[in-house]
Amino acid sequence: MKKKIKIKKQETLLFTKIKNVNNRDDKKIILNKTRFIEVLKELLDIKDLSSLKNRLLKLKISLNSTYCDTLGVLNIDTNGDTIELKKSYLLQEIEQIENTFTIQRARYYLQRLIKSITEKKTGKINDINLNRWKEYEEIITDSLWIFDKRDTSGAHLAWYWGNFIPQIPRQMMLRYTKQGEWVLDPFVGSGTTLIECRRLGRNGIGIELNHEVAERAKDLVNREPNKHNVITEIITGDSTVLDFKQLLEKKGIKKVQLLIMHPPYYDIIKFSNDPRDLSNCNSVEEFLKMFRKVIENTYDVLEKKRYFALVIGDKYSKGEWIPLGFYTLQEVLKVGYKLKSIIVKNFEETRGKRNQKELWRYRALVGGFYVFKHEYILLFKKG
Ligand SMILES: C[S@@+](CC[C@H](N)C(=O)[O-])C[C@H]1O[C@@H](n2cnc3c(N)ncnc32)[C@H](O)[C@@H]1O
């Protein structure tokens, strides 16, 4: 009994220490893979729960720093096999074993931990290792996205009025593509999608009607380091008439694995004076017709069973809410896609908007409407 209390005290102290290290930043920990698996397998052989927990405590001490590492799990050989894990994930897994009441349960968690280190389980459309799914905290799986601020790192300069936040293409690529696959963005604007392509190691093709914008975007995309050596190309063109199949064939690409589209929200922002520009349509009907052409034009080049993300917002005009999101959704369904999700995303607060906040609140009170605070990411799958 006395012994037990002693261990518990030591345990609490140690755990607090580890937690503090972990709270400072969500560090990754590099382990000697062979030795770590050996230690976990030794734990599996232990017959009673309290001995197993004692041994687990030793492992935790070892993980805390190389000075305390009596088990040699942090001892990296020059030619040895290593594994990198999120420290918080590893500690969570260990804590779960510590909190068990039966040896069977502890063994079950141990086996699961060993499996997560020794086996990789990925699906057909992304690189997410499902055996370590808890480590992918960055990936959002809820349908309501609230972002406090846009990512303005690296080449994401946010110079283009009407761009989207880089987190949108990033989330889509992480979920719906593998490294080295192809992403097509027919309304590429300032190249946000392609900058993310470079970061995540996906190849990307972007089409932009406005030549000047396309040239500026090219410059910017090229400023982003290309550490995965991918192709990111911007072409000046009209996506309503472009022969995408021919374009890809010329480049030796059979199909793309993800489509991302962020068209003008009808005429909310006038992007140019070009009549081929979707923001210059004379009516919602005309806008939907042109939008539909782009959907039809790109349908064949998307690989089967792959995803299409449409980013769009609604519009308010002459006292009426125009649900562009729902209208465009219908057009996409008519072409043959299956709807997978409707994601609602907040608008981040720009300085301009902040200054007009009071005015819009007053207008809303007078006019009996609600001020736009959201847009949609409509997610479709090709059958
Ligand atoms: C909402 S913006 C896209 C912004 C982009 N996601 C970014 O982050 O910069 C829409 C873009 O579509 C372009 N566009 C409009 N009509 C087009 C067409 N027919 N073909 C290709 N691009 C077009 C506009 O010039 C504008 O740059």
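The values are calculated or read from the model by the stated rules, or taken from the named source; none is laboratory data. Quantities reported herein were computed from a predicted structural model and do not represent experimental measurements. Using ideal geometry, Cβ is built from the backbone for each residue, glycine included, and neighbour counts are taken over all protein chains shown. Heads up: the accessible areas ignore ligands, DNA and RNA and are worked out on the full protein's heavy atoms, side chains in. Shrake-Rupley method; radii C 1.70, N 1.55, O 1.52, S 1.80 Å.
Only protein heavy atoms count here; under a 1.4 Å probe, VAL256 has an accessible surface of about 0 Å². Can you tell me the 0 to 90 degree angle between the C-alpha axis of helix 284-299 and the longest principal axis of the chain, rounded to 10? Its long axis makes an angle of about 50 degrees. Protein-only accessible surface at a 1.4 angstrom probe places the residues ASP142, ASP81, ASP185, ASP267 in the order ASP142, ASP81, ASP267, ASP185, largest first. Working from Cα positions, state the angle (0 to 90°, nearest 10) between the long axis of helix 87-98 and the longest principal axis of the chain. Helix 87-98 sits at roughly 50 degrees to that axis. Between amide H atoms placed 1.01 Å from N, distances below 5 Å from ARG306 occur with LYS382, all of them 5 or more places distant or on a separate chain. Dipole orientation for segment 26-163: of the candidates SER62, TRP161, ILE146, SER62 has the Cα lying most toward the positive pole (charges on Cβ; Lys, Arg +1; Asp, Glu -1). The calculated 222 nm mean residue ellipticity attributable to helices in the chain amounts to -13500 deg cm²/dmol, summing -39500 (n - 2.57) over DSSP H runs of n ≥ 4 and dividing by all residues. FRET efficiency for ILE83 and ARG55, Cβ-Cβ distance as r, R0 = 22 Å, nearest 0.05? Approximately 0.65, to the nearest 0.05. When the pairs LYS178/LYS251; LYS250/LYS334; LYS27/LYS120 are compared against a 26 Å limit on Cα-Cα distance, LYS250/LYS334 fall above it. Using a Gaussian network model of the chain in which every pair of alpha carbons under 10 angstrom is joined by a spring, one finds that among ARG363, ARG112, ARG35 the greatest mean-square fluctuation is at ARG363. Backbone amide hydrogens, once placed in the peptide plane, bring ILE235 within less than 5 Å of GLY206, ILE207, GLU208, excluding anything fewer than 5 places away on its chain.
A simple rule links phi to the HN-Hα coupling: the Karplus curve 6.51 cos²θ - 1.76 cosθ + 1.60 with θ = phi - 60°, which for segment 320-325 gives 9, 7, 9, x, 4, x Hz, with x for Gly and Pro.
Taking all protein chains together and rolling a 1.4 Å probe, TYR299 ends up with roughly 50 Å² accessible.
Put a plus charge on the Cβ of each Lys and Arg, a minus charge on the Cβ of each Asp and Glu, and nothing anywhere else: the dipole of segment 117-172 about its Cα centre is then about 160 debye. For the chain, the longest principal axis of the C-alpha atoms and the axis of helix 33-45 are separated by about 60°. On the beta carbon distance between VAL371 and ASP219, with R0 = 45 Å, the FRET formula returns roughly 0.80.
Restricting attention to the chain, close to 55% of DSSP beta bridges with both partner residues there are antiparallel.
Accessible surface of HIS262, taken over heavy atoms with a 1.4 Å probe and every protein chain present, rounds to 30 Å².
Among the listed pairs LYS86/LYS121; LYS41/LYS87; LYS33/LYS121; LYS134/LYS382, those with a Cα-Cα distance over 25 Å are LYS134/LYS382. For segment 270-383, the solvent-accessible area of protein heavy atoms averages 57 Å² per residue (probe radius 1.4 Å; ligands and nucleic acids excluded). Ordered by 1.4 Å accessible area with all protein chains kept, GLU358, GLU93 run largest first as GLU358, GLU93. A Förster radius of 56 Å, combined with the Cβ-Cβ distance separating THR152 from THR102, puts the computed FRET efficiency at roughly 0.65. Rounded to the nearest 20, the size of the Cβ-charge dipole of segment 152-218 about its Cα centre is 320 debye, with Lys and Arg at +1 and Asp and Glu at -1.
When the residues LYS53, LYS315, LYS357 are ordered by accessible surface, computed with a 1.4 Å probe over the protein chains alone, the sequence from largest down reads LYS357, LYS53, LYS315. Of the residues VAL39, THR328, ILE342, the one whose Cα sits farthest toward the positive end of the charge dipole of the chain, with +1 on the Cβ of Lys and Arg and -1 on the Cβ of Asp and Glu, is VAL39.
Here's the picture: charge each Lys and Arg Cβ at +1 and each Asp and Glu Cβ at -1 in the chain, and of PHE287, ASN203, LEU85 the one pushed furthest to the positive end of that dipole is LEU85.
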